[in-house]
1. Note the angle between two axes, namely the Cα long axis of helix 61-74 and the longest principal axis of the Cα atoms of the chain, as a number of degrees from 0 to 90, rounded to the nearest 10.
2. Expressed as an acute angle from 0 to 90° and rounded to the nearest 10, what is the orientation of the C-alpha long axis of helix 137-160 relative to the principal long axis of the chain?
3. Rounded to the nearest 0.05, what FRET efficiency do Leu121 and Leu15 give with R0 = 35 Å and r taken as the Cβ-Cβ distance? Could you check?
4. For Ile161 and Leu128 in the same chain, what is the full-extension length gain: residue separation times 0.36 nm, less their Cα-Cα distance, in nm?
5. Taking 0.36 nm per residue of sequence separation and subtracting the Cα-Cα distance, how much length would be gained by fully extending the chain between Leu31 and Ala88, in nm to one decimal?
6. Grab the Cα-Cα distance for Ala65 and Arg77, subtract it from 0.36 nm times how many residues apart they are, and report the gain in nm with one decimal.
7. Modelling each spin label as a point 7 Å along the Cα-to-Cβ direction, I'd like the Val107/Thr22 distance in nm, to one decimal.
8. Given the DSSP H assignment, sum -39500 (n - 2.57) over each helix run of at least 4 residues in the chain and divide by its residue total; what's the result at 222 nm in deg cm²/dmol, nearest 500?
Amino acid sequence: MVDFALTRIWLFRLLFAAICGTIIFFQLLPLKTAPGGWPAPDLLQAFTCAWVLRRPDYVPIVLIAAIMLLADMLFLRPPGLQAALMVAAAEFLRQRIHMTRDLPFGVEWALVATVLTGVALGQRLILLLLLVERPPLSLFLMQLLATILAYPLVVFVSRHIFGIRPAARGKVDTLGHRP
């Protein structure tokens with residue numbers, strides 16, 4: 001017998017991995033070679049937060065850790081730092097799903113903005129403590145702001161294009177767990 005609920009979960013996990021792979025691919029392309037302008041938002045973080053708050057069963061921690069570690073390696077960031085911080089952020093958001101499910105979008109956006117700011121400041125602080133070269137503060141803040149401002153667009157795309165909606169209250173998966 002085919003379990004359609006389990007198949008759906010795995011298809012959305014593959015879709016999330018494909019979306020993240022596409023984002024990584026386009027960020028690696030040398031499309032803009034001249035310096036200046038605003039840095040691009042970190043769409044990996046935005047999609048991870050949006051999907052974790054809507055359907056945490058579609059985004060397991062192992063998948064988040066693997067994708068973020070791959071991104072760390074490909075973008076020549078300190079290996080595992082961004083991955084560890086995003087895993088912690090995803091777990092923080094995952095634990096608050098029952099509280100944020102019925103709140104308006106503005107509150108969710110403020111929560112995600114706070115979490116993304118915490119991740120960015122944590123990364124900056126760890127790099128400072130380890131005496132690792134950091135990007136300029138203005139560039140760092142502009143990317144954080146761009147990521148926070150891109151979050152509503154990411155939620156819109158996730159909801160209306162990919163069909164990621166929060167699970168109904170009281171819904172359980174095939175194992176009896178709440179998503």
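Bear in mind that the values in this text are calculations on the coordinates, not laboratory data. These figures come from a predicted structure and were not determined experimentally. As a convention, Cβ positions derive from the backbone with ideal geometry for all residues, glycine included, and neighbour counts pool all protein chains shown.
1. Its long axis makes an angle of about 20 degrees.
2. Tilt relative to the chain: about 20 degrees.
3. It comes out at approximately 0.70.
4. Working: separation 33, 0.36 × 33 = 11.88 nm, distance 3.98 nm.
Difference between extended and current length: 7.9 nm.
5. Extra length from Leu31 to Ala88 when fully extended: 17.3 nm.
6. 2.9 nm
7. Label-label distance for Val107 and Thr22, simple model: 3.2 nm.
8. Details: 7 runs with 118 residues, N = 179.
Per the formula, -22000 deg cm²/dmol.
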